[in-house]
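S.K.: Got a structure here, written out as structure tokens. Questions coming.
Here, each number is a calculation from the coordinates, and none is a lab measurement. The model shown is predicted, which means the values in this text are computed figures rather than measured ones. Methodologically, a virtual Cβ is constructed for each residue, glycine included, from the backbone with ideal geometry; neighbour enumeration extends over all protein chains shown.
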């Protein structure tokens with residue numbers, strides 16, 4: 001069983017993530033902002049990017065692959081599942097980009113697809129935190145989610161406010177997104193109770209979470225992605241490296 005300290009940390013992290021999401025999302029709704037100009041969070045996003053890469057590659061994929069092997073599956077299912085998750089999220093991003101190019105900027109379809117796409121990797125990111133069984137790793141992942149969630153929530157709220165969705169509908173769809181990561185944390189934490197009868201649930205969701213973290217850390221946002229937009233800025237790219245190295249160091253004790 002998980003220690004009480006770790007369980008309490010996950011509960012606090014889930015609450016903090018929810019509050020952060022609501023605060024960041026409320027600003028565009030209150031001011032009816034329709035542009036991200038002047039509202040950028042490069043260092044926090046860059047550090048989170050490195051943490052996500054390290055968590056996905058060093059922690060989750062290795063653990064999931066080992067669990068599949070212990071269960072008698074010698075095909076690299078962990079990497080297959082993570083790759084399929086990565087490509088699925090990338091496909092949704094491409095569809096969103098195509099909609100943006102072929103529909104007016106205030107199209108509700110663009111905003112709703114953004115909510116769906118971000119909700120998918122929000123719940124999987126929460127699941128990753130819920131699955132974590134080490135206090136230090138949980139702390140670092142929680143920090144990365146918080147740093148990333150602020151910018152992501154703000155950007156989504158701007159997209160919703162730019163669309164032709166009514167104010168009430170916009171608030172409702174944003175509320176769905178806001179609950180996704182806390183739900184994922186609770187779901188991931190409860191998976192250990194199901195492992196005895198469904199032993200493959202843990203590696204499957206760990207692989208999905210790894211694919212999600214790899215996507216968030218690399219191509220999330222496509223042209224606006226940290227590794228694409230800011231890789232020539234050594235100061236900001238250095239924070240990506242710091243985040244990755246941090247997860248590599250944490251792996252020594254996990």
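S.K.: Report, to the nearest 10°, how far helix 61-70 tilts away from the longest principal axis of the Cα atoms in the chain, using its own Cα long axis and a range of 0 to 90°.
M.R.: 40 degrees
S.K.: Something else: Subtract the Cα-Cα distance of residue 242 and residue 200 from 0.36 nm times their separation in residues, and report this length gain in nm to one decimal.
M.R.: Net length gain for the segment: 11.8 nm.
S.K.: Quick check: the angle from helix 201-218's long axis to the longest principal axis of the chain, C-alpha only, nearest 10 degrees?
M.R.: 40 degrees
S.K.: Cut-off is 10 Å between beta-carbons; in what order do 69, 102 appear when sorted fewest neighbours first?
M.R.: In order of increasing Cβ crowding within 10 Å: 102, 69.
S.K.: Another question, then. Counting alpha carbon pairs within less than 8 Å and at least 6 residues apart, what relative contact order, in whole percent, applies to the chain?
M.R.: The value is 41 percent.
S.K.: Is the C-alpha gyration tensor of segment 10-144 telling us rounded, prolate or oblate? Criteria: a/c under 1.5 is rounded; beyond that, a/b larger than b/c is prolate, otherwise oblate.
M.R.: Judged from the Cα gyration tensor, segment 10-144 comes out oblate (a/c at least 1.5, b/c at or above a/b).
S.K.: Next question. What is segment 68-188 by shape, rounded, prolate or oblate, if you read a ≥ b ≥ c off the alpha carbon gyration tensor as root eigenvalues and call it rounded for a/c under 1.5, prolate for a/b larger than b/c, and oblate otherwise?
M.R.: The shape class here is oblate.
S.K.: Ok, one more. Kirkwood Rh, Cα Rg: Rg to Rh for the chain?
M.R.: Result for the chain is an Rg/Rh of 0.97.
S.K.: Continuing with this model, one more query. In percent, what relative contact order does segment 61-193 have, based on Cα pairs under 8 Å that are 6 or more apart in sequence?
M.R.: The normalised contact order for segment 61-193 reaches 33 percent.
S.K.: Let me ask something else about it. Please arrange 51, 158, 242 by how many other C-beta atoms lie within 10 Å of their C-beta, fewest to most.
M.R.: 242, 158, 51
S.K.: Moving on. Among 73, 215, which comes first, then next, by fewest other beta-carbon atoms within 10 Å?
M.R.: Arranged by neighbour count, lowest to highest, 73, 215 become 73, 215.
S.K.: Classify segment 45-104: rounded, prolate or oblate, from the alpha-carbon gyration tensor (a ≥ b ≥ c, eigenvalue square roots; a/c under 1.5 rounded; otherwise prolate if a/b is larger than b/c)?
M.R.: Verdict is oblate for segment 45-104.
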